[in-house]
Amino acid sequence: MKILVAISKAPDTTSKISFTDGDTKFNEAGVQFIVNPYDEWYALVRALELKEANGGSVTTITVGSADADPIIRKALAIGADDAVRVDAGPTDAYFVATQISEYAKDKGYDLVMVGKETIDYNGSQVGGLVAGMLDLPYLPNISKLDVAGTTATAEREIQGGEEVLEAQLPLVLSASKGMSEQRIPNMRGIMAARSKKLEVVPAAAGEALTEVLDYSLPAAKSAVKLIDPENAADLIEMLHSEAKVI
Amino acid sequence: MSVLVLAGTADNKVSKSAFEAVSYGAKLASDAGTDFNVIAFGGASSDDLNGLGAYGAKAILVEKSLNNTQPFQMANAIVEVAGQVGATMIVVSYDETGKAVAPIVSAKMKAGLVAGVVDYADVSNGVVVKKSVFSGKAFARVKFNSDVAIIGLTPNSVGAKEMAGSPDVKDANVSMGDARISLKETKKEDLGGQVPLPEAELVVSAGRGLKGPENWGMIEELANELGATTACSRPVSDLDWRPHHEHVGQTGLAIRPNLYIAVGISGAIQHLAGVNASKVIVVINTDPEAPFFKAADYGIVGDAFEVVPKLIEAVKAFKANN
Ligand SMILES: Cc1cc2nc3c(=O)[nH]c(=O)nc-3n(C[C@H](O)[C@H](O)[C@H](O)COP(=O)(O)OP(=O)(O)OC[C@H]3O[C@@H](n4cnc5c(N)ncnc54)[C@H](O)[C@@H]3O)c2cc1C
C-alpha cells in the first residue's frame, strides 16, 4: 500500500499569539513549532500502522520553506520512509491543495491522508480540496480506518454519533481523534531520520484564492465577578437578569 | 450575481445551523442587492423546509434522494445549481456536512473558501470576512480573490434572525454523478435528549476536579434542570470517565454557547481554545489561582461538591418562580 500523508508546521498549542508588521503577520519570535497534531498523531501514525500490517510505503508531503524541515525530520523519526517538501509558502488552502494534487496525481497513491484541520488556520479544507482536484472519493473527519484489499472501512464522526462508511481505494481522507495513539520517536528513529530522503521540489503553477488582510486579538475580558460560595444561588439570578443567558 | 445557501439537514429535519446560514445569506443578498436561493438535500418535509421562509428563504431547491454521506454528489449538485442561478457567493454552515462538501465545491468551481467565519461579510469592496484563527485565540480578516466566494460559517456565530416570508419549494433536478461511498451503519450516541454540543446554547462542563465518573450525577442534574448539554475536559474523556463526543478544546470540539459553566476545570490554554468564544463563562474551582478565572465572567471559588447542589436547588427555585 502506497500512502501519502500531508503534514504541516503549526505553532505549539501553548504559544502566545501576537502579530507584527501592522498586524499583517504572525509573530514567530519565540514560538516553538510542532507537526500539526492531527497530521502527526492520527494521519501519520495510522498510515504507519497500515504499512506495518500490509507492506508498502509512507511518504510525507509538506508545502513550505526550509524552516519546515525540522518538523519533517520529526515525521521521518516517527517512521515515515521518505519526505517531499514543495518549496513554496503555504499561502492559502487552495494553493496548498493544488501543490499536493499536482505532486500526487501520477504517482499511484492508494491513500492520501491529511489531519482534519491545522491548529493555526483551522480550515478543514485541504483534504476535500485534494479529493476534488484529483477526483477521488473523500472520507472526511475519520476516527477509525481499516483497509482490506482495496476496500476501506471508516468511521466518520457526525453530530451525536458515528457513521460507518465504505469506499474503494484510491481515496483521500481526513483524520480526527481516535484513529491511533501518539508515537514518541525513539533514538534509533531519530538517527535513521537523518539519512532518510527529504526531496525538495519546486512549486507547480497555482494560485491562492484568498488573502489575509490583517489579524486581531479578541477584546480583553473584563475582570471576573466573584460570588461567595455561600451565596452560590445568586449566580442563577445574575445569569438571568444581568447576563441574560437563561 | 446571487447568493446560494446550503441548508443542512440531519435525521430528516432541517438542522438548527441551517436557519442561521439562511438568515446570514438573506442579509448578504440584501447587503449586496442580489437574488437569493437555498439548496437542501435529504428527507426534510416541505413543512419543515417552509419554516426556512421565516428566516428569509425565498426559493428553495431540494434534492431528496441525497444524504450527508455523499460529499461528491452534494458538491456536484451545488456546482450545477450555482451555475443555473449564477451564484457568486455560496454560504454553508461549517459543520460536518459543510466541512465535507464545501472544499470539493471550492476545487470544482475554483472558488475561494474561507472556513470558520464568525461575522457578517463586508461586501462594500469585494467580499471580506472575519474568521477565527489559532484555535480561537485570534481573528483574521480575509479577502476573496476569486469570482465565486464560499463562506464557511461557524455554527452559532451570528444567530438566526427571523423575518417574514414564505418560500417557493421546488425539486432541484440535478445530475449528481455516482455514489462512491456506501453507508454501512449509523451509530447514534445516546444524548439523553440533550441538544448536540455544537448547537447547544447552554453547556455545563466538568473536569478532573470531579475526581471520578461516579460524581457526574450532579453535573447531569444541573444540565437537565437548565436544559443544557454536558461537556468535559480532555483528560476526562481520555480516562473514559465521559464519552469522547463530550470532549471540548483545541483537540476536541470548539463550541460557542451563550453560557459555559466549567466545574473543576483548570482552564489550560488548550481547553480555553475550544470554549473561549462562549458569550458568558462561569467558573467553579477550589483554586483561586486557576487560570480559568482570567477567562471567566462569573466565578465561584469553592468546592464543586458543595456549590453544584446549591446551584441545582437555585435553578429549581428559579424555574418555579418564572
Ligand atoms: C497538544 C495538546 C492538546 C490538548 N487539547 C486539549 C483539549 O482539547 N481539551 C482539554 O480540555 N485539554 C486539552 N489538553 C490538556 C490540557 O493541557 C489540560 O491538561 C487539561 O485541560 C486539564 O484538564 P482539567 O482541567 O480537567 O484537569 P486539571 O488540570 O487536573 O484541573 C482540575 C481542576 O479542578 C480543580 N478542582 C479540584 N478539586 C475540585 C473541587 N472539589 N471542586 C472544584 N474544583 C476542583 C483544581 O483546582 C484544578 O483547577 C491538551 C494538551 C495538549 C498538550
Percent antiparallel among DSSP beta bridges confined to the protein assembly as shown, rounded to 5, stands at 35
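Local charge sum around B:Gly51 (other residues, Cβ-Cβ under 11 Å, Lys/Arg +1, Asp/Glu -1)? Before the final figure, lay out each step's value.
On the way: positive: B:Lys13; negative: B:Asp47, B:Asp48, B:Glu162.
Here the count lands on -2.
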Count charges around B:Gly177 for me, please; just the other residues with Cβ under 14 Å from its Cβ, Lys/Arg as +1, Asp/Glu as -1. -2
Can you tell which of B:Leu52, B:Leu153, B:Leu239 shows the greatest fluctuation in a Gaussian network model of chain B with Cα springs below 10 Å? B:Leu239
Hey, with R₀ at 45 Å, roughly what FRET efficiency would A:Asn231 and B:Asp11 work out to, going by the Cβ-Cβ distance, to 0.05? 0.60
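With a/c under 1.5 counting as rounded, go ahead and sort the protein assembly as shown into rounded, prolate or oblate using the C-alpha gyration tensor (a ≥ b ≥ c being the square roots of the eigenvalues; past the cut-off, prolate if a/b is larger than b/c, else oblate). Before the final figure, lay out each step's value.
Details: a/c = 1.57, a/b = 1.18, b/c = 1.34.
Oblate is the answer for the protein assembly as shown, as a/c is 1.5 or above yet b/c matches or exceeds a/b.
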Please give the charge dipole size of chain A, origin at the Cα centre, charges +1 on K and R Cβ atoms and -1 on D and E Cβ atoms. Round to the nearest 20 debye. 880
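How much FRET efficiency would the formula 1/(1 + (r/R0)^6) give for A:Asp87 and A:Leu213, where r is the Cβ-Cβ distance and R0 is 25 Å, rounded to 0.05?
Details: r = 26 Å, r/R0 = 1.04.
Once rounded, the FRET efficiency stands at 0.45.
Give me the net charge for the shell around B:Gln84: Cβ to Cβ below 14 angstrom, other residues only, Lys and Arg +1, Asp and Glu -1. Kindly include the intermediate steps, with their values, before the conclusion.
Details: positive: B:Lys170; negative: B:Asp35, B:Glu63, B:Glu80, B:Asp171.
Around B:Gln84, the surrounding residues sum to -3.
Could you grab the Rg to Rh ratio for region B:197-321? Cα atoms only, Kirkwood for Rh. Each step should come with its number before you reach the end.
Numbers: Rg = 13.1 Å, Rh = 14.1 Å.
Looking at region B:197-321, the ratio lands at 0.93.
In chain B, what percentage of the DSSP-assigned beta bridges are antiparallel, given to the nearest 5? Working shown, then result.
Values: 10 of 59 bridges.
Around 15 percent of the beta bridges assigned by DSSP in chain B are antiparallel ones.
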Would you kindly find the accessible area of A:Met113, with a 1.4 Å probe and non-protein molecules such as ligands, DNA and RNA excluded, rounding to the nearest 10 Å²? 0
Kindly identify region B:2-171 as rounded, prolate or oblate by the Cα gyration tensor criterion: order the square roots of the eigenvalues as a ≥ b ≥ c, call it rounded if a/c is under 1.5, otherwise compare a/b with b/c, prolate if a/b is larger, else oblate. rounded
Limiting things to C-alpha atoms, what are the Rg and the maximum Cα-Cα separation (Dmax) for chain B, in angstroms? 21.1, 62
Between A:Ser241 and B:Leu183, what's the calculated FRET efficiency when r is the beta-carbon distance and R0 is 41 Å? Round to 0.05. 0.30
Mean 1/r over distinct Cα pairs of chain A, inverted to a Kirkwood Rh in Å, yields 19.8
Expressed in µm² per second, the diffusion coefficient of region A:120-197 from the Stokes-Einstein equation, with Rh the Kirkwood radius over alpha carbon pairs, at 25 °C and 0.890 mPa s, is 168
Taking only Cα atoms and a 10 Å spring cutoff, compute GNM fluctuations for chain A and point out the largest among A:Asp146, A:Asp67, A:Asp234. A:Asp234
One finds the C-alpha centres of region B:46-81 and region B:226-245 to be spaced, in Å, by 33
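Could you tell me what percent of the DSSP beta bridges with both partners in region A:1-101 are antiparallel, to the nearest 5?
Working: 5 of 15 bridges.
Given both bridge residues lie in region A:1-101, the antiparallel proportion sits at roughly 35 percent.
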In chain B, which helices (entire DSSP H runs) extend 24 Å or more along their own long axis, judged by Cα positions, while averaging at least -0.5 on the Kyte-Doolittle scale? B:16-32, B:304-321
Lys, Arg +1 and Asp, Glu -1 on Cβ, resulting dipole of region B:2-171 about Cα centre, debye, nearest 20: 560
With a point put 7 Å past each Cα toward its Cβ, work out how far B:Asn145 is from B:Glu306 in nm, to one decimal. 6.1
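The values are calculated or read from the model by the stated rules, or taken from the named source; none is laboratory data. These numbers were taken from a predicted model, which means no experiment stands behind them. A quick note on method: Cβ atoms are made from the backbone with ideal geometry, for glycine too, and the neighbour counts reach across all protein chains shown. Note: accessible area is taken over every heavy atom of the protein model, side chains too, but ligands, DNA and RNA are not part of it. Shrake-Rupley method; radii C 1.70, N 1.55, O 1.52, S 1.80 Å.
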